[in-house]
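Structure first, commentary second.
The values are calculated or read from the model by the stated rules, or taken from the named source; none is laboratory data. All values derive from a computational prediction rather than experimental measurement. Positions of Cβ are generated from backbone atoms using ideal geometry, with glycine treated the same way; all protein chains shown enter the neighbour counts.
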């Protein structure tokens, strides 16, 4: 055994690489097939009293746990439920801060998803704001939510707080 | 159900990097400290309950398997618990239930995280085809929820800043903490960089290395040690899905249900009056006013008033000091952070919390949450058995 114990080892970089196969299952398969066609499609359980439309659907109503069997095509318009302005630079992230990550509820759906907002003044983004999807060129569409490049503001009246998450597919024109 | 008590508490020094020990060395240190505190040795322990946050953090999958020898588990049952960030709390509750059920008389429980060896941002950002890959991290997830709280409650913008200062001043009394900021000011917090609006750098928890352990014993063994037993008067866990239509992310139902269960077990109907202090999982400053409401210390929309009035501050002589230890905002070894809350509640009740002791504390709440604010674990501990 050496007399000299040597330098105390406190860090050896040992990278881990993971490659997963994603099995979408029936509900997400249907969702991703529609997204590849440039359409956002939600799902609901017709027998449910709540009638809530989920997007992206995971196959069951999260409130009652039963299968969502009915498909509901949604539009490209959505409402800002909440948002953050991300300032933190993240390694290998192609999006340059500051950028807006928003919780958006598409018209006709009852749940928000997270997506990017752009073509907007960051300081004027607000809860209740109306936005629309900007899709990538059709030749780039894949089985991915990234087919929507981002959402941009619409020149429409804000949705009142109590109506966020309840805007019908027909949209919101400001009428009570 | 059998009575159960905390008879030993062991913590490590919390630091950005514990380069002097491996993960095994870290958990061993906390466990050894808890055994010493309880006046016990490894042979006195019948079972070991271990917990940590997601394995992908350190990239060591199923670490409990290789930690069995470091925790003296040879020939004993060992069980791993995982409930994301709330795991420190749920691990303590699983350990407690091993004793309360009568299955074991004395168990060791330990939780850890070694964030210096970890890549939490990577671990939490695995790409999924049904969601855009935005890499916004935990802060990016929670920031919109805080924004909605601010909108609903009309809380003044400096509420978060006040919590950030208050917990660091508390934390400066606790030598175990990673962050030591005795001279922090409101201005310094306000001037710190915005990370995920409305969360500033100094309104966020640090990334820490550390471990926490406890010994839990039944009624017959509770008085065997050098320390007074701390009785577990109530404990509960709840979960809810991350996403469901109509979910109240600001004031989650699972949190309200969990605390109602714990209070009912402990005979508490007015937490602000009947509890002497609370150790609550506040990784981002705005979660103090939000949890003040969720845990029934204030009416909905009014939590920020307690913060701004100094009710939760030891330095301002508040009636219900929160996070006297400094809380998650001073040390955050994620998997251990919940158990540190549970253990610090027990230290207050034992009266050995040192410079951050609440005078005469007899009953305290320990709280943890995790995932997308969807997993909850809480306990109430007291000097009195019943």
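Observations on the structure shown:
- Any chance residue B:99 is touching a helix residue (DSSP H, G or I) at 6+ places or on another chain (Cβ under 8 Å) and buried (at least 22 other Cβ atoms within 10 Å of the Cβ): no
- Selection count where residues are part of a helix (DSSP H, G or I) and either without any contact (Cβ under 8 Å) to a residue 60 or more places away in the chain or surrounded by fewer than 24 Cβ atoms within 10 Å (Cβ to Cβ) (or both), scope the stretch B:299-342: 4
- Complete set of residues in the stretch A:6-44 that are closer than 18 Å to residue A:106 by Cα and either modelled with pLDDT under 90 or at the interface with another protein chain (Cβ under 9 Å from one of its Cβ atoms) (or both): A:28, A:31, A:32, A:35
- The stretch B:1-120 holds helices (runs of 4 or more DSSP H) entirely within its bounds, and those carrying 2 or more residues that are under 19 Å from residue B:223 (Cα atoms) and either in contact with a strand residue (DSSP E or B) (Cβ under 8 Å, 6 or more places away or on another chain) or more than 14 Å from chain A (Cβ to nearest Cβ) (or both) map to B:23-38, B:87-100.
- Scanning the stretch A:127-167 for residues that are touching a helix residue (DSSP H, G or I) at 6+ places or on another chain (Cβ under 9 Å), in a loop (DSSP other than H, G, I, E, B) and within 10 Å of chain B (Cβ to nearest Cβ) gives A:127, A:128, A:142, A:143, A:144.
- Residue tally, condition free of Cβ contacts under 8 Å to residues at least 60 places away in the same chain, crowded, with 18+ Cβ neighbours inside 10 Å and within 22 Å of the chain's Cα centre (by Cα), over the stretch B:36-66: 2
- Residues of the stretch A:55-79 satisfying the condition of being touching a helix residue (DSSP H, G or I) at 6+ places or on another chain (Cβ under 9 Å) and either closer than 30 Å to residue B:150 by Cα or within 12 Å of chain B (Cβ to nearest Cβ) (or both): A:55, A:56, A:57, A:58, A:59, A:60, A:68, A:79
- Of the strands (runs of 3 or more DSSP E) that lie entirely inside the stretch B:143-241, those containing 1 or more residues that are out of contact with any helix residue (DSSP H, G or I) (no Cβ under 8 Å at 6 or more places or on another chain) and in contact (Cβ under 8 Å) with a residue 60 or more places away in the chain span B:230-239.
- Residue match in the stretch A:84-99 (condition: under 17 Å from the mean Cα position of the chain (by Cα), within 26 Å of residue A:28 (Cα to Cα) and crowded, with 22+ Cβ neighbours inside 10 Å): no
- Check on residue B:15, closer than 19 Å to residue B:334 by Cα and crowded, with 24+ Cβ neighbours inside 10 Å: no
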